[in-house]
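Following: one structure in structure tokens, then a few remarks.
What follows draws every value from the coordinates through simple rules; no lab data is involved. Values in this document were obtained by computation on a predicted structure and should not be read as measured data. Cβ: placed from backbone, ideal geometry, glycine included. Neighbour counts: every protein chain shown.
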Amino acid sequence: MESPVLIEIKNLKTHFFLDEGTVQAVNGVDFTIHQHKTLCVVGESGCGKSVTARSILQIVDQPGRIVEGEILYHRPFRLSAAGNGEWTSGETGANGNSTTEIIDLAALDPRGREIRAIRGQDISMIFQEPMTSLSPIHTVGNQITEAIKLHTDMLDDEADEHAVELLRRVGIPRPEERLGTYPFELSGGMRQRVMIAMALSCNPALLIADEPTTAVDVTTQAQILELLEELQDEYGMAIMLITHDLGVVAEMADDVVVMYLGQVAERGDVDSIFHDPKHPYTQSLLKSIPRLGVSRNRQRLDSIRGMVPDPYNRPSGCMFGPRCDHFMPGRCDAISPPAIPLGPGREVHCLLYEDE
Amino acid sequence: MSAQSTNGSEYPTTGNGTAAAENVLLDVRNLQKWFPITAGFFRRTVGHVRAVDDISFHVLQGETLGLVGESGCGKTTAGRCILRAYDLTGGQVFFQDHDGKMVDLGPLTNNEMKPYRQQLRMIFQDPFNSLNPRMPVIDIVGDPLKINKVAAGKELEDRVASLLARVGLRPEYMRRYPHAFSGGERQRIGIARALALDPRLVVADEAVSALDVSVRAQILNLIKDLQEEFNLTYIFVSHDLSVIEYICDRVVVMYVGKIVEVAETEELFAQPFHPYTEALLSAVPNPDPRMRQQKDRIVLEGDVADPANPPSGCYFHPRCRYVQDQCSLETPELREIAPGHFAACHFAEELTLAGVTASGELG
Ligand SMILES: Nc1ncnc2c1ncn2[C@@H]1O[C@H](COP(=O)(O)OP(=O)(O)OP(=O)(O)O)[C@@H](O)[C@H]1O
Ligand SMILES: Nc1ncnc2c1ncn2[C@@H]1O[C@H](COP(=O)(O)OP(=O)(O)OP(=O)(O)O)[C@@H](O)[C@H]1O
Ligand code: SF4
Ligand code: SF4
Ligand SMILES: [Mg+2]
Ligand SMILES: [Mg+2]
């Protein structure tokens with residue numbers, strides 16, 4: 001059975017209003033995150049992955065804002081009252097819909113009480129660059145225990161113990177002693193793991209992890225990914241994982257969203273995306289994966305030809321047109337490709353598939 | 001040949017395993033960097049984090065040397081010591097001067113380091129931290145050019161525009177501030193800045209970690225092109241082993257502040273001699289969802305080693321699956337196991353470790 005819907009994003013548009021013009025960072029994105037599942041988001045650097053994630057939490061930087069669309073949060077509830085227990089959905093009604101409360105996050109006031117109660121408690125985020133969210137002037141211990149105490153009814157000692165346990169689970173040596181260190185005393189990968197520990201401290205219903213393992217080696221990465229899967233099983237947590245590492249996607253994802261220039265190019269289950277990619281962008285992305293032992297003798301690596309278009313002068317029609325090998329003049333530069341459904345949860349935005 | 005500055009050490013001319021001196025751009029000898037651990041109100045020193053603990057390696061002119069190892073093993077610290085962003089606890093960093101002399105950068109004062117700062121550049125691991133938030137991109141990338149009187153005015157703007165284009169950023173972005181960029185865009189600003197002054201040695205610390213495979217390929221191609229054009233030398237720190245495999249001529253593997261293996265890239269991947277290297281190669285995720293269950297990943301059990309209180313004998317012994325009695329008693333030296341291939345394991349000759357075969361499978 002399909003697991004219940006947790007987040008439904010519909011036609012999301014988040015734009016930045018600069019003096020030089022408007023940056024349409026996210027421009028009509030649709031996808032769904034299911035409870036207890038892992039959704040991976042991939043796409044070229046600058047295509048709007050982080051801004052989409054930040055939109056969910058309503059923490060888009062100035063001068064940006066959500067200009068259109070909905071982010072429907074089907075709020076599950078905690079089984080235990082302790083404030084960090086397992087998540088469950090409401091009763092499932094006769095029509096198959098759950099009776100859980102539905103909140104449109106996009107419509108909430110970014111500074112209001114409602115969204116603040118959701119941040120950290122229901123949805124927490126691991127940021128792409130650890131130092132954007134770690135305070136340089138507070139110790140690691142203080143930062144984690146503050147987060148724990150804010151969202152649970154744990155007391156100081158319990159919070160400390162919980163913090164140590166989390167740091168150990170993300171592979172930080174000597175966690176008891178690390179509580180007193182400052183972020184600058186940690187290596188890049190350790191900072192990243194401190195942030196992961198912080199984000200996991202309250203067992204959120206949704207964990208948004210933006211490039212969570214770029215600063216750690218592959219053995220530590222394997223350990224962290226396993227930890228995420230364990231917590232997912234224990235608490236029914238859903239994960240939205242943004243990563244450039246297609247090896248990680250292959251290992252973790254249930255579903256995949258491929259983005260290009262602020263839009264969804266294609267989405268579907270992980271097996272279809274890797275073994276039956278439809279969108280020309282996805283196809284070339286998969287072709288440029290370097291494989292160990294294979295790239296050794298190659299003179300040059302494959303990259304997708306051309307450059308991301310000028311943000312203030314976007315192409316007409318399909319955004320991928322200027323770089324696409326299947327470009328059809330008169331069509332691809334005239335029509336913006338609609339979502340073409342290919343199956344349950346599977347769709348592609350490309351005119352090649354229009355008649356199917 | 002003798003090299004000198006105030007009170008630095010002489011560069012030893014008689015070889016002890018290092019290559020011919022004319023080719024060596026950088027020769028790191030017994031480098032140590034310990035950070036004090038303090039406690040209590042008076043911040044008394046109660047111990048030391050041995051972030052880098054007696055490592056020696058050299059880099060040839062025009063070569064790319066890879067630096068890999070567990071998170072926290074001292075790679076960034078080593079890089080920062082080479083650039084003298086840190087004072088050394090011990091050891092020497094010999095760098096070949098423009099006129100071929102080997103100069104120990106270790107004891108140089110800030111002022112004496114100045115002429116070298118433009119020749120030695122670093123691409124920082126955390127771009128968010130290393131870009132001045134109050135400077136627009138044109139200044140971030142252009143200032144080194146301006147300060148060193150390489151270009152000014154319109155010419156400066158053109159130089160910056162072409163640097164940005166080479167790293168795949170639109171020149172239209174020039175007046176924006178760092179916060180207005182995505183992670184990967186910021187990383188590329190750092191790359192453009194490091195390459196602006198035609199350096200001789202670039203320490204690239206996780207320089208491409210935030211880039212998708214296609215943009216990363218473009219940057220790696222650029223890095224290779226520049227190397228061919230200008231005989232650039234790189235030290236490349238990366239957790240992405242496919243990047244290391246593609247870009248590096250030789251690789252140094254570190255574990256808890258020490259070097260455990262050094263070899264030519266191809267050798268290292270095909271036939272590792274240290275059990276830590278084997279574990280590392282085995283953990284690379286396979287980009288195929290159908291292979292999920294089928295991987296022979298070596299899971300490293302046991303506590304992550306602590307550089308403030310490392311294990312006895314071989315630092316890897318609490319987590320090594322080939323451990324024997326001798327391992328916790330005696331520290332293995334870095335030894336030449338095959339020509340040009342060094343490893344620090346008592347049993348390097350006896351063990352048959354798995355590398356990566358040419359088909360990309362583990363073998
Ligand atoms: N504060 C801002 N002001 C103006 N433009 C912005 C701002 N933040 C992001 N952008 C632009 O929005 C676009 C999308 O950015 P986003 O950070 O979502 O990219 P991304 O997909 O996460 O990329 P990466 O993989 O490099 O992190 C980029 O082109 C970026 O330049
Ligand atoms: N300024 C500092 N003060 C105290 N300890 C430090 C400092 N900088 C680094 N360390 C410690 O030194 C060790 C090595 O850190 P380093 O940043 O060199 O690791 P790394 O190999 O670059 O790791 P990563 O891959 O995670 O970036 C770590 O244990 C770290 O906590
Ligand atoms: S719509 Fe046209 S240009 Fe766009 S991806 Fe499909 S074939 Fe290529
Ligand atoms: S010396 Fe012993 S413990 Fe160390 S790597 Fe070799 S076999 Fe393993
Ligand atoms: Mg991002
Ligand atoms: Mg580092």
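Quick notes on this one:
- Taking chymotrypsin sites (Phe, Trp or Tyr not before Pro) across the stretch A:306-344, the ones in a DSSP loop with at most 15 further Cβ atoms lying within 10 angstrom of their Cβ are A:Tyr312.
- Loop-located trypsin sites (Lys or Arg not before Pro) in the stretch A:103-199, at most 14 other Cβ atoms within 10 Å (DSSP): A:Arg111
- Inter-centroid distance (Cα atoms) of the stretch B:37-85 relative to the stretch A:179-238, Å: 24
- Principal-axis tilt of helix B:183-195 within chain B, Cα atoms, nearest 10 degrees: 80
- Relative contact order (%) - criterion: Cα under 8 Å, at least six apart; region: chain B: 17
- About the Cα centre, charge dipole magnitude for chain A (Lys/Arg +1, Asp/Glu -1 at Cβ), debye: 1080
- Other residues lying with their Cβ under 14 Å from the Cβ of A:Leu18 contribute a combined charge of -1, Lys and Arg counting +1, Asp and Glu -1.
- Cross-link reach is defined here as a Cα-Cα straight distance under 18 Å, omitting same-chain residues fewer than 8 places apart; for A:Lys278 the lysines meeting it are A:Lys287.
- With the convex hull of its Cα atoms as the shape, the stretch B:66-122 has an orientation-averaged projected area of 4.5 nm².
- For the protein assembly as shown: rounded, prolate or oblate by the Cα gyration tensor [a/c cutoff 1.5]: prolate
- Between helix B:137-147 and chain B: long-axis angle, C-alpha atoms, 0 to 90°, nearest 10: 80
- Residues of type lysines that B:Lys149 reaches as a straight line, Cα spacing below 17 Å, ignoring anything fewer than 8 places off in the same chain: B:Lys114
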